[in-house]
Amino acid sequence: MAAADGDSIANLLRKNKRLSRELSRMETVFNAIRSAIVVCDCAGEIIFANSYAGDLLGIGAADVSIFKLLPGMDAAVSDAARGSYALREFEISYPERKMLSAQIIPFDFGDGGTFALILNDVTREKLSTEERIESEKLSSLLNLASGVAHEIGNPLNSINIHLQLAMRRLKKLAEKLPGDGFVEGVRESVEICSSEVSRLDSIIENFLKALRPMRPDMADCDPIKPLAETLKTLDAELENLGVSVAVNVDAPLPTVYADANLLKQLYFNILHNAMEAMDAGGDITVRALADDDFVKISFADTGCGIDEDGMSKLFQPYYTTKTDGHGLGMTIIQAIVRAHGGKIDVESGPDRGTTVTVSFPRAHRRIRTLRQNAP
Ligand code: ADP
Ligand code: MG
């Protein structure tokens, strides 16, 4: 009996060894494949990702949900669960802008079901030669600009430290020579330099933030709350300009799967452009409504409008018609919309005002619904 037990334990150990060998062989094969392979559970939690998936999607140790990495993936999975196999296309903006074709293979959608995802980079096939050149030109320009901005940051730090030092010495001098006009004058100049350095620092910080590839921190969110918050920060400026804002929301508006902070940045940029287009005052009408797939928010202004030439260059970085403009607002708007799997439409003409409409995928077809519907 003891000998038989010994045999079966030895057998099990042999089998175990063979299985681990096979597993490591499989992993080697998966890691050599130039397609991204990701296995997830039905809540989107990543169970396995081969190395190419790590590079393509920029998966880090803290990334657990495929739904956060691929906007619109949750809806694709629930479709796949109904019709078994599904082929979808996704556009990602992090770590690089890419078009991906995805094959979704559900294994079992009962409780604890999983699905495999095979992703291929189809950017080259999808973009026309012209678009590809444009996109490559844009990315090298952005790299150069962010490099320069970064380099400016270092001497700026050193200037800041020396200004603080000068200020400390001046304070000591002022104690020794109370009421001295000359010392007071120098102190004022140093203070102005310090505040200008902080301003420059925040310009560079924002600039780098705008240019860095963005990874949105997605969650179910009400798209109107960040709008209300943005309008509040613009309140005084709107009043000064004589611009009135009307907000019409089709209630109840469904939630979107989005990063609320990025939404605020998006609204701010759209509203600011509208305000700058109406230097003699005017109206901004915000409308929010939903269809089966998208929540659409439009911003209509009664400003100067955009001519044909402007429309064709609108999303080009550094395109601006303003003397103090930086021409990055529309680039940021487009990047935010893309990062959410959304769409942007602009309707305009000279003296006709401009309507910018952004659409975000609704959050209603989340995997939770699928679980509830599962038998
Ligand atoms: P900036 O605001 O710094 O010029 P943007 O990228 O935000 O850069 O906008 C680029 C250009 O697009 C603007 O200079 C302007 O000519 C045009 N534009 C954008 N939004 C509007 C608008 N609502 N009305 C009129 N022109 C606009
Ligand atoms: Mg702008």
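Bear in mind these aren't lab numbers, they're just calculated from the coordinates by the rules spelled out. Given the structure is predicted, the values throughout are model-derived calculations rather than measurements. Here the Cβ is made from the backbone with ideal geometry for all residues, glycine too, and neighbour counts use every protein chain on show.
Quick look at the values:
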{"read-out": "Whole-number percent relative contact order across the stretch 272-338, with pairs defined as alpha carbons under 8 Å at least 6 apart", "value": "22 percent"}
{"read-out": "Shape category assigned to the stretch 130-248 from the gyration tensor of Cα positions, a/c cut at 1.5", "value": "oblate"}
{"read-out": "Choice from Val148, Val77, Val256 with maximal GNM fluctuation in the chain (Cα, 10 Å cutoff)", "value": "Val148"}
{"read-out": "Residue order, fewest to most surrounding Cβ atoms within 10 angstrom, among Ile192, Ile224", "value": "Ile192, Ile224"}
{"read-out": "Selected from Ile332, Ile105, Ile204 as most flexible by GNM, with the chain as the system and alpha-carbon contacts under 10 Å", "value": "Ile204"}
{"read-out": "Local electrostatic count at Ser189 - Lys and Arg +1, Asp and Glu -1, tallied over other residues with Cβ under 15 Å", "value": "-2"}
{"read-out": "Low-density loop cleavage sites - trypsin sites (Lys or Arg not before Pro) in the stretch 8-40, where at most 10 other Cβ are within 10 Å (DSSP)", "value": "Arg34"}
{"read-out": "Choice from His162, His150, His272 with maximal GNM fluctuation in the chain (Cα, 10 Å cutoff)", "value": "His162"}
{"read-out": "Neighbour-count order for Leu173, Leu57, Leu13, fewest beta carbons within 10 angstrom listed first", "value": "Leu13, Leu173, Leu57"}
{"read-out": "Order of Asp292, Asp279, Asp301 - criterion: other Cβ atoms within 10 Å of each residue's Cβ, fewest first", "value": "Asp292, Asp279, Asp301"}
{"read-out": "Violating pairs (Cα-Cα greater than 30 angstrom) within the set Lys17/Lys98; Lys68/Lys322; Lys126/Lys313; Lys126/Lys232; Lys264/Lys313; Lys98/Lys264", "value": "Lys17/Lys98; Lys68/Lys322; Lys126/Lys232"}
{"read-out": "Percent RCO, i.e. relative contact order, over the stretch 178-318, from Cα pairs under 8 Å lying at least 6 residues apart", "value": "22 percent"}
{"read-out": "Rg and Dmax of the chain, Cα atoms only, in Å", "value": "27.5, 104"}
{"read-out": "Percent RCO, i.e. relative contact order, over the chain, from Cα pairs under 8 Å lying at least 6 residues apart", "value": "14 percent"}
{"read-out": "Considering only the chain, percent of DSSP beta bridges that pair antiparallel, nearest 5", "value": "90 percent"}
{"read-out": "Placed amide H near Val247: partners under 5 Å, 5+ positions off or other chain", "value": "Val286"}
{"read-out": "Helical contribution to [θ] at 222 nm, DSSP H n ≥ 4, -39,500 (n - 2.57), averaged over the chain, rounded to 500", "value": "-17500 deg cm²/dmol"}
